[in-house]
Amino acid sequence: MDNFIYHAPTEVVFGKEAEDQTGKMAFKYGGHKVMLVYGGGSVVRSGLLDKVKNSLESAKISFVEFGGAKPNPTVEHAMEGIKLALEEHVDMVIGIGGGSSIDTAKAIAHGTANPDFELWDIWTGERPLIMSLPVGAVLTIPAAGSEMSDSAVLTNEKIGKKSGINTDFNRCKFAIMNPEWCFTLPKYQLGAGITDILMHTLERYFIPDYNCMLTDEIAEGLMRTVINNGLKLMKNQEDYDAMAEIMWCSSLSHNNITGLGRPKDFSVHKLGHALSAKYDVTHGASLSAVWGSWAEYLYKYATDRFGQYARRVWYVDSLNDEQASREGILRTIDFFASLGMPTSLSDLDVEITKRDIQLLALDATKDDTVKLSQIIPLGAKEVMDIYMAAM
């Protein structure tokens, strides 16, 4: 087991009517003038936004609204929010929705606390982030795990790049989670979210040569929970208990607990980010489209881990690591398909040429200056091979 520091300070309010505690939580963490960040209007139509506003008013907390967060949140939109937050003297930002709204809220918080810095410079690390505003979350889409993670992702549309940053300033002070607000999600969006949840733990799991028994047990239990309850939700999206399990898995899968003691990989996310930046592909779909080819390329360098995954998560009845690994990969691909997710690049319904593949590989590896994967190093050539195999 490798050394680690585990820090997960987010206070979670979970269950029915949890949104009524938003004002109490905002007050507890110093909010006086709050910005509410949300997406395309579903939180308005559902009545959730009004419930959040009523809760803030009851706590005597003023607020300003900022809608329009995009599925792949952008720097440009976040900068509009920063401008408004500075004009309104906002001292807390609350994202209402899924990872897009919450990541936008985090970006606005960082930019508002550092008005002399360009937001993209913060994102690329050219400007060190040493302060931010407190952020809260009211979750309606179990997927990204942004409500408890130390990460946030933005797309810079001007240059066609998508990038994430990891910092404790990304940790939400509180997260409000009521599974009932997820009942009306579009089925495709729910499937993409379940894919992302599973992927957050898959990305941490396969790295060999680390003895992390407890971490493995937590990760395997979470993955089994996602698979079992994800299939239930595909049949009945208003199954409260199944949605509650998936919503809680969303948070735990990306708050680092399922990878303690071994380094992060996240190479599939890098491949997916390049795809969604260029083609505006739904994040979960970008991951499922390339995971199978990634796994086929790498499993032979970690057959013990892939074999263990197959036996403990999918109950594959084979003591041969090679056979078990391949069966576990196939069952995972089938699971993504059962969620209505693409399992190849051709399933994404976008035109991708060999030249596009070269550019995607260069984007994912930062012009071949960064090696991906903790299993074996993946440069631009290897990444291109994985993309090609996913065609």
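The values are calculated or read from the model by the stated rules, or taken from the named source; none is laboratory data. All values reported here derive from a predicted model rather than from experimental measurement. Don't worry about glycine lacking a Cβ; one is built from the backbone with ideal geometry, like all the others, and counts go over all protein chains shown. Remember, those area values only see protein heavy atoms, side chains included, never the ligands or the DNA or RNA. Shrake-Rupley method; radii C 1.70, N 1.55, O 1.52, S 1.80 Å.
The rows are residues; the columns are (1) modelled with pLDDT of 95 or more; (2) touching a Lys or Arg at 6+ places or on another chain (Cβ under 6 Å); (3) farther than 26 Å from I176 by Cβ; (4) part of a helix (DSSP H, G or I).
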{"residue": "T215", "(1), (2), (3), (4)": "yes, no, yes, yes"}
{"residue": "C249", "(1), (2), (3), (4)": "yes, no, no, yes"}
{"residue": "P263", "(1), (2), (3), (4)": "no, no, yes, no"}
{"residue": "A277", "(1), (2), (3), (4)": "no, yes, yes, yes"}
{"residue": "S288", "(1), (2), (3), (4)": "yes, no, yes, yes"}
{"residue": "E296", "(1), (2), (3), (4)": "yes, no, yes, yes"}
{"residue": "K300", "(1), (2), (3), (4)": "yes, no, yes, yes"}
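Given the criteria in a loop (DSSP other than H, G, I, E, B), more than 20 Å from I207 (Cα to Cα) and open to solvent by 30 Å² or more (accessible area, probe 1.4 Å), does M391 qualify? Against the criterion (in a loop (DSSP other than H, G, I, E, B), more than 20 Å from I207 (Cα to Cα) and open to solvent by 30 Å² or more (accessible area, probe 1.4 Å)), M391 qualifies. When I333 is tested against (1) hydrophobic (A, V, I, L, M, F, W, C); (2) closer than 23 Å to S100 by Cα; (3) assigned to a helix (DSSP H, G or I), only condition (2) is not met.
In the condition set (1) over 30 Å from E220 (Cβ atoms); (2) in contact (Cβ under 8 Å) with a residue 24 or more places away in the chain; (3) not in a helix (DSSP H, G or I); (4) not small (G, A, S), Q358 is compliant with all but (3).
The one condition from (1) crowded, with 20+ Cβ neighbours inside 10 Å; (2) closer than 28 Å to A324 by Cβ that L185 does not meet is (2).
Only one of the numbered conditions (1) at negative phi; (2) open to solvent by 40 Å² or more (accessible area, probe 1.4 Å) is not met by F206, and that is (2).
Each residue in region 25-66 was checked for being farther than 11 Å from I96 by Cα, touching a strand residue (DSSP E or B) at 6+ places or on another chain (Cβ under 6 Å) and part of a helix (DSSP H, G or I), and 3 of them qualify.
Within region 1-49, the residues that satisfy the criterion of being β-branched (V, I, T) and within 16 Å of M177 (Cβ to Cβ) are T10, V12, V13, T22, V43. Of everything in region 216-234 that is β-branched (V, I, T) and without any contact (Cβ under 8 Å) to a residue 60 or more places away in the chain, the residue that is surrounded by the most Cβ atoms within 10 Å (Cβ to Cβ) is V226.
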